[in-house]
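The values are calculated or read from the model by the stated rules, or taken from the named source; none is laboratory data. Computed from a predicted structure; not experimentally measured. Cβ: placed from backbone, ideal geometry, glycine included. Neighbour counts: every protein chain shown. Accessible surface areas use protein heavy atoms only, side chains included; no ligands, DNA or RNA. Shrake-Rupley method; radii C 1.70, N 1.55, O 1.52, S 1.80 Å.
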Amino acid sequence: MPEHIRQEPKVLVSTENLTEQEWLAYRRQGIGGSDVAAILGISPFRTARDLYDDKLNIASAVDDTGNWVALEMGHLLEPVVAQMYAFRTGHRVITDTYLYQHALYPWALANIDYGMEDKDTKEVGGLECKSTTYYNANEWMDDKVPMHYEYQCRFYMGVRDFPFWDIACMWGNGEKDFQIRRIFRDFAIEEMIFETVAAFLQSIHDNKPPSMAEVAPKLAMKSLARIYGAGTLAAPTIEFGKKHERQIRRIAALQQENRELDRQIR
């Protein structure tokens, strides 16, 4: 592979004094890191169709209000995670309050958590700060990183033109409840990401909504509810034939099992 030619990103705007609505308006001008997983079909939170509808102002792709506690906690814990990361690694954490545009693809935007400088090499990279619960801690064991976070950071590396990105995640106050991973830039993966995003943007231009054929059923139902509204008891009853009985009984049994597991978790 030929030597990489640095592509300094453009600073689109400072986010320091933006309102949430102003920030969202800028975000709608392109694709951000948190959008990438949805476009690639690996997001546990939203589908490519959700993002498509959001970009066209058909329906908002903002996470459901029922998830506001986790979202707010994640935002509040970002500086705590960054402080713990600096303490554990000795690397310098760099505050970054800008929204960046890719040098060649103005639709590729990055509003990162922090920058960082490696204490040994003095190289500058990015830092993503995450927090989760004990129920999701296994996603970070054995040097793992949840795929939707990995590809978010790979997108950021492309926009910011950084050689690596660190991800720090906290889910408790014990020594083992804080994990740090470093992802190095991979130009082949990066090219695949940008090509897939470009194809998604072309589908918006062509008014061709993304298919939901391979979307997980629960996520697909949430996506449809954003467009058509949640189900209602006033809706007409649909009668299924005898051939569907076994599947429907299985669904009912799984729903009951799910309710019992939820009760145990609470």
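Remarks
- The accessible-area ordering, largest first, of the residues Ile251, Ile42, Ile183, Ile238 stands as Ile238, Ile251, Ile42, Ile183, per a 1.4 angstrom probe.
- Tyr105 accessible area, assembled protein chains, probe 1.4 Å, Å²: 100 Å²
- When you restrict to C-alpha pairs under 8 Å that are six or more residues apart and normalise by the size of the chain, the relative contact order lands at 21 percent.
- Accessible area (Å², per residue) of segment 143-219, counting only protein heavy atoms and a probe of 1.4 Å: 51 Å²
- The Rg/Rh ratio of the chain, with Rg taken over Cα atoms and Rh as the Kirkwood radius over Cα pairs, comes to 1.00.
- The packing ranking of peptides 50-56, 259-265, highest mean first, is 50-56, 259-265, where packing means the average number of other beta carbon atoms within 10 angstrom of each residue.
- Heavy-atom accessible area with a 1.4 Å probe sorts Val36, Val93, largest first, into Val93, Val36.
- Its convex hull of Cα atoms gives segment 115-171 a direction-averaged projected area, equal to a quarter of the hull surface, of 4.2 nm².
- For Ile31, the residues whose amide H sits under 5 Å from its own are Ala108, Leu109, ignoring neighbours fewer than 5 places away on the same chain, with H placed 1.01 Å from N.
- Here's the picture: a label point sits 7 Å out from the Cα of Ile265 along the beta-carbon direction, and within segment 103-139 the residues with their amide nitrogen under 13 Å of it are 133-137.
- Relative contact order [Cα under 8 Å, 6+ residues apart], segment 139-210, whole percent: 25 percent
- Segment Ile42-Thr133, length gained on full extension (0.36 nm per residue, minus Cα span): 30.8 nm
- Cα-based equivalent ellipsoid, segment 1-157: semi-axes from gyration tensor eigenvalues, Å: 25, 22, 17
- Each of Asn173, Ile183, Asn57 was placed along the dipole of the chain (beta-carbon charges, centred on the mean Cα), and the one lying farthest toward the positive end is Asn57.
- For Leu18, the solvent-accessible surface computed with a 1.4 Å probe is close to 50 Å², ligands and nucleic acids excluded.
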